Amino acid sequence: MKNVLVIGSTGQIGSELTMKLRGMIPEGNIVAGYIPGAEPKGALLESGPAEVADVLNGAQLAEIVKKYNIDTVYNLAALLSAVAESKPLLAWRIQMDGLINILEIAREQGCAVFTPSSIGSFGPNTPRVGTPQDTIQRPKSMYGVTKVATELLSDYYFSKYGVDTRSVRFPGLISYTTLPGGGTTDYAVDIYYSAVKGEEFTCPLNPGTFMDMMYMPDALKAAVDIMDADPSRLIHRNSFNIASMSFDPEIIYKKICEHVPGFKMKYVNDPVRQKIADSWPDRMDDSCAREEWDWKPSYDLEAMTVDMLENLRKKLNLA
Ligand code: VAH
């Protein structure tokens, strides 16, 4: 990778991925793509090029790819699961009309493309524990429908046109830099904010709701490593299971209490998020990613909790 376009560069993943790539490839052009109303700010704006990059405007994307001689596109434009349930047609347009715009440009201009999938691509009849790499995918959410379609369309462009498409199925991602927007797993971020602020946390999911979760540094490592992987080793492409930890609200709450004595939590269920979470697996089997491109996470729940609490206190001037 040398010249990279990050579409959705101001979102939860994009804001950190863009900075990571700029640190890794100082000689390259790492272009922060954004849409009006979600402009890059601070270091993200000052540390490299930024362009309006609307996935629904193919001509605009093609111009950027030509202008910067882009060799890799990270397509991070998406409505997350809970929001997508309230705006299903918009979610389809962004995720699918946007994707085909990007894949057509990649076909014409020879770019590689990363479009993340998710545990959201699985459904209630997917094996919940040790979810296989190749298994039943009948999601019941629009978000999940778009993620399965993303996997299929990305594989199609690889098989039919040789477009270098690659992808991972992200767990719920936890970070302190940029808040997630409207996901089912967002509670696992919000709980840390409540803990450092000394507030009681209101958990929207029931105890016993297990999902794959991952700390952002591991997610970013996966997003970079898969695009740098030796293509001759890849049996799969779209999309690899990657896992690092699985927990329910009780487990993360008790872990935080070890570091924040007296922290309180209550349950007020959100039926929309609960229904989505109940349809997702508990823990994926990520052996294919480990075998085909040496995937290995670094953070467990303890290490993530220590790092999250420390950095949130600094970010919120509570240190
Ligand atoms: C969501 N955080 O909750 C996203 C993600 C695995 C979940 O796709 O919608």
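Every number here is computed from the coordinates shown, using simple stated rules; none is lab data. Quick caveat: nothing in here was measured; it's all calculated off a predicted structure. Heads up, the Cβs are rebuilt from the backbone with ideal geometry, glycines too, and the neighbour counts pull from every protein chain shown.
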**Q.** Spherically averaged projected area in nm², based on the convex hull that wraps the Cα atoms of the chain
**A.** 15.2
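So, counting K/R as plus one and D/E as minus one, what does the shell of residues with Cβ under 10 Å around Tyr193 add up to?
0
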Q) Which is the longest run of the chain containing none of the GluC sites (Glu not before Pro) found in DSSP loop states (not H, G, I, E, B) with at most 15 other C-beta atoms within 10 Å? A) 28-198
Q) According to a simple spin-label model (label point 7 Å from Cα along Cα-to-Cβ), what is the distance in nm between Lys264 and Leu56? A) 4.5
Q) Given labels modelled 7 Å from the Cα in the Cβ direction, how far is it in nm from Glu250 to Lys66? A) 6.0
Q. When only C-alpha pairs under 8 Å and at least 6 residues apart count, what is the relative contact order of the chain, in percent?
A. 18
Q | Acute angle (nearest 10 degrees) that the helix 216-228 long axis makes with the longest principal axis of the chain, alpha-carbon atoms | A | 20
(Q) If each DSSP helix of 4+ residues adds -39,500 (n - 2.57) and the sum is divided by the residues in the chain, what number results at 222 nm, nearest 500 deg cm²/dmol? (A) -12500 deg cm²/dmol
Q: Return one number: the angle in degrees, 0 to 90 and rounded to the nearest 10, between the long axis of the Cα atoms of helix 98-109 and the longest principal axis of the Cα atoms of the chain.
A: 40
